[in-house]
1. Calculate what fraction, in whole %, of the accessible area of segment 10-145 sits on carbon and sulfur atoms when a 1.4 Å probe is rolled over the protein chains.
2. Please enumerate, by chain and number, the aspartates and glutamates with C-alpha under 16 Å from the C-alpha of residue 536, excluding those fewer than 8 residues away in the same chain.
3. What Rg and what Dmax come out for segment 458-585 when only alpha-carbon atoms are used, in angstroms?
4. Using a probe of 1.4 angstrom, how much of the accessible area of segment 429-521 is carbon and sulfur, in percent?
5. Residue 442 versus residue 551, label points 7 Å from Cα toward the beta carbon: distance in nm?
6. Restrict the search to segment 248-301; then list the chymotrypsin sites (Phe, Trp or Tyr not before Pro) that DSSP places in a loop and that have at most 14 other Cβ atoms within 10 Å of their Cβ.
7. Within the chain, what percent of beta bridges assigned by DSSP are antiparallel, to the nearest 5?
8. Which length gain, in nm to one decimal place, applies between residue 283 and residue 242 when the Cα-Cα distance is subtracted from 0.36 nm times their residue separation?
Amino acid sequence: MELGTAKVETNRKKKSVVWDWLTTVDHKKIGVMYLIAGTLFFVKAGVMALLIRIQLMYPESLFISGQTYNEILTMHGTIMLFFAATPIILGFMNFIVPLQIGARDVAFPFVNALGFWIFFFGASLMSLTWFFGGGPDAGWTAYVPLSGRDYAGIGLDFYVLGLQVSGIGTLVAAINFLVTIINMRAPGMTLMRMPLFVWTTFVVSTLILFAFTPLAAGLLLLMLDRLFGAQFFMPDMSGNVIIWQHIFWIFGHPEVYILVLPAFGIVSEVIPAFSRKRLFGYTTMVFATILIAFLGFMVWAHHMFTVGMGPIANSIFAISTMLIAVPTGVKVFNWLFTMWGGKITFNTAMLFASSFVPTFVLGGVTGVMVAMAPVTQLYHDSYFVVAHFHYVIVGGIILGLFAGLFYWYPKMFGHRLNETLGKLMFWIFFIGFHLTFFVQHILGVIGMPRRVYTYLGDQGWDGMNYISSIGTYFMSVGVIILVVNIIYSAFKEERVSNGDPWDGRTLEWSIPNPVPEYNFAQTPQVRSLDPLFYEKVHGNGKMKPAEPLQDIHMPNGSILPFIMSVGLFFMGFGFIMINMNNPWVNPYLVIALGSVLTFGAMIVRSVKEDHGFYIPKEEIKEEEMG
């Protein structure tokens, strides 16, 4: 076939498994790689959490030193937020969103692969810190002057450069999703017919675009301070440490919604599916999502009530913070009304989704409490804030992600996860979570400060710290059961040949398992919200095609995203070497090597014509007929 004047190949060469995954631009495989990478970092950060709680299990413990504790605490928070929760969310977005909007791929498949590999090598760069004198030790917020060149060692350079590199990957992924959702929806899928998960992906991608850019700017300024003697945050050189807090939290508070809104979207898919009802108040849910995102940029300084901004600024940020409770409350009631009167199936996915609701409400209630500026004078830097944060992050995001994992697992991997092991995992993890973090509210109220590596006995903290640490063991067992479930199910559970094992409502359940490379043989015609359910009621149970069966154009794989990302890794490592004592090679040579790899691959991409390939309709027809 012809595409312009260039011949487009229809025959595809078979590639080795490793080469196929290194070069893939298939959004489904990239989604799986995000999930695997995020899970590995989740386990790593979970082990660090276990070490933290073992240290705090008893007063005056000598399990780890104060310096090691600070490094583990910093890495735990940073990895969980940037390298665990974020990539797992991006994994679900990559796999599910194109299927839910009826697209054959994302708008920019090459850029999609580039985003993953940049994230992965940025996270790997930061992980190398343990081999070069220890981890960063200024907390995951990296407040200056603690993170300045006078107080923090080379671990902070790994923190800064690792986040800078991985942040580029997250930014390009967000741009890709925005263009995909705007331009690649199936015919008939208007904005107000998009599933809630697609809406939350769209809103979150916008948040990433506007929140990660100030973080990138702040990290650049901190890097210039640390590596090149700049003075942006040096008080004795007329720098301003409070500016870092503003820059960080202008990113940091929208980041909470970047993580939690996709969980809202997942819960909004799971609850209707297993309540056998349409989502209650779809329109209000959409506008609540948009309003949460808008208000999320107006509340950052509620993290800074104790720095002396003054009563007027404190009052403005306190009021705007409380306002976010309104659209969040709308969502909570809509989930409850969706379940009300429904024929509920309490499988593992539904258990996680339904337990998400009251757990997140508790995190939201304590959020309104800390939004009151005078009260925060008492709660600030206490374990009450730790408890609030984890009820939002773990009780909200992680429970939502587990619900999505059990819900979409058959579509992603071709078989269900074992329900018995799933329910056992749910109860152990859920009970362990509340054991761990509920008592921390009380610890904070009675005076236990956060970020301390030890404490004296007989202050009324001993028993609750012990309970909190026991809860962490429960959560660890829950995660181990999940890993066992994944391995067991891969060998023992029957393959799901039916593309719709849950009697689903949205487009991803209208295509066969395993999902074909091209997703949809014919682009579907969407006639309503919950399009598959509509066709089950008003049609023949199958999506009506919007086009005749024809050859499908697909993009070629490429090794260039991998090479570009390796180049950025070397560039980042070269900048870190500037602060090393007696580096074994000139740092600027390493930077030059990375630059050659990255920009060389960019040039190759620019000059090389790659028109992709076509899958012949005969092959498609044969595959669709089984």
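1. Values: 3310 of 4620 Å².
The computed percentage sits at 72.
2. Counting by Cα, and skipping residues close in sequence, residue 536 has these aspartates and glutamates nearby: 500, 503, 508.
3. 26.1, 76
4. Numbers: 2850 of 4260 Å².
The C+S portion of the solvent-accessible surface of segment 429-521 is 67 percent.
5. Between residue 442 and residue 551, the label points sit 7.1 nm apart.
6. When the chymotrypsin sites (Phe, Trp or Tyr not before Pro) of segment 248-301 are filtered for loop state and at most 14 Cβ neighbours within 10 Å, nothing remains.
7. 90 percent
8. Here the segment from residue 283 to residue 242 would lengthen by 10.7 nm.
The values are calculated or read from the model by the stated rules, or taken from the named source; none is laboratory data. Computed from a predicted model, the values in this text were never measured in an experiment. So basically every Cβ, Gly included, is an ideal-geometry build from the backbone, and we count neighbours across all protein chains shown. Just the protein is used for accessible areas: all its heavy atoms, side chains included, with ligands, DNA and RNA removed. Shrake-Rupley method; radii C 1.70, N 1.55, O 1.52, S 1.80 Å.
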